[in-house]
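Read the structure below first, then the notes.
Just so it is clear, none of the values below were taken in a lab; they were calculated from the coordinates. Source: prediction; values computed, not measured. Because the Cβ atoms are built from the backbone with ideal geometry, glycine has one as well, and the counts that use them run over all protein chains shown.
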Amino acid sequence: MGGPGTVAAIRGQTAVVLRDAGFGEPAVNNLKTEDYPDGAVPGDRGESEINDGAGRIVSIGPRRSKLVRLRAEHGRMALAKEHVIAANIDVAVIVASTTSPPFRPRLIDRYLVMCQYGGVEPVICVNKIDLQQPDDAALAIYTDLGVTWIAVSAETGEGMDRLQALLQSKTAVLVGHSGVGKSSIINALTGEKSLQVGAVGTDRRGQHTTGSSTMVEWSPDSS
Ligand SMILES: Nc1nc2c(ncn2[C@@H]2O[C@H](COP(=O)(O)OP(=O)(O)OP(=O)(O)O)[C@@H](O)[C@H]2O)c(=O)[nH]1
Ligand SMILES: [Mg+2]
């Protein structure tokens, strides 16, 4: 057995692959290759096979885009190594919140650089507008840069139709500080409560509720 598929999640040394053929193969060994020394990441296209009950990824296809964090080596950014978070993405939804946690443009700017570097289209999504309106003056610079930004509330659903339209038929990844509402937005989009949502503490920091990335397939018709 074997065949092409898309890597949906990585758990330690194991990859969860969504096979194109649509039948089960929940977890296979991740592969480290010369081209991809850190192995497959969510969004990678690859071939996997099962022999004697043990599954493994046997090849990883070329990446048409990637979201990359640069990790300093020996404390030096000049020697930084690429750490790929996700591959073959069309859109990165950079999620921020108007409040709780407070709006922090610095991380947005870092993600914009990552998008430019990896060939991913950025969309800024300012969440929690039911609690506080977005700071239009602070966001005007992104309009000037030609970056789309939208304001939403995962809680009330306001603005979510606009986000849904932007993501139609796209492979997207949601990034942003802990507690801004990434899991809540995915649950609101898919109409499911599949991802755990964590309260923001009294210090208004998130709790890093979601520990790893998972690809979720959804169609607006099913929500
Ligand atoms: N009022 C309000 N609260 C929201 C909204 N979206 C999310 N929250 C709340 O914010 C808290 C954090 O939401 P999560 O969806 O867990 O945030 P996350 O970005 O996935 O956080 P991590 O997984 O830790 O990175 C939860 O208490 C949510 O109920 C919103 O639009 N309005
Ligand atoms: Mg989460």
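What net charge do the residues around Y117 carry, taking every other residue with its C-beta under 11 Å from that of Y117, with Lys and Arg at +1 and Asp and Glu at -1?
Combined, the nearby Lys, Arg, Asp and Glu give +2.
Pairs with C-alpha atoms separated by more than 26 Å, drawn from the list K32/K193; K128/K193; K81/K170, are K32/K193; K81/K170.
Working note: Karplus 6.51/-1.76/1.60 with θ = phi - 60° gives segment 157-174 the couplings x, 4, x, 5, 5, 5, 4, 4, 5, 5, 9, 3, 6, 10, 9, 10, 10, 9 Hz, where Gly and Pro are set to x. Residues whose amide H comes within less than 5 Å of that of L174, counting only those at least five positions distant or on another chain, are V93 (H built at 1.01 Å from N in the peptide plane). A cut-off under 15 angstrom between Cβ atoms defines the neighbours of Y142, and their net charge, with Lys, Arg +1 and Asp, Glu -1, is -2. Amide H to amide H distances under 5 Å link A151 with V126, where only residues 5 or more positions off or on other chains count and H is placed in the peptide plane. So how strong a dipole does the chain carry about its Cα centre when Lys and Arg Cβ are +1 and Asp and Glu Cβ are -1, to the nearest 20 debye? For this selection, approximately 640 debye. Across q = 0.26 Å⁻¹, segment 2-60 modelled as identical point scatterers on its alpha-carbon atoms has Debye log10 I(q)/I(0) values of -1.04, in the order of the q list. From a point 7 Å beyond the Cα of L145 in the direction of its Cβ, which residues of segment 80-113 have a backbone N at a distance under 11 Å? Counting only backbone N, you get 105-113. Label point 7 Å out from K170 along Cα-to-Cβ: which residues of segment 28-67 have amide N under 15 Å? Once the point is set 7 Å along Cα→Cβ of K170, 65-67 turn out to lie under 15 Å by backbone N, inside segment 28-67. Apply the a/c threshold of 1.5 to the C-alpha gyration tensor of segment 109-223 and tell me whether it is rounded, prolate or oblate. Rounded, because the longest to shortest axis ratio a/c is under 1.5. Hydrodynamic analysis of the chain uses the Kirkwood radius over alpha carbon pairs. Inserted into Stokes-Einstein at 10 °C and 1.306 mPa s, it gives a translational diffusion coefficient of 85 µm²/s. Among P134, P62, P122, the largest mean-square fluctuation in a Gaussian network model of the chain, built with springs joining Cα atoms closer than 10 Å, belongs to P62.
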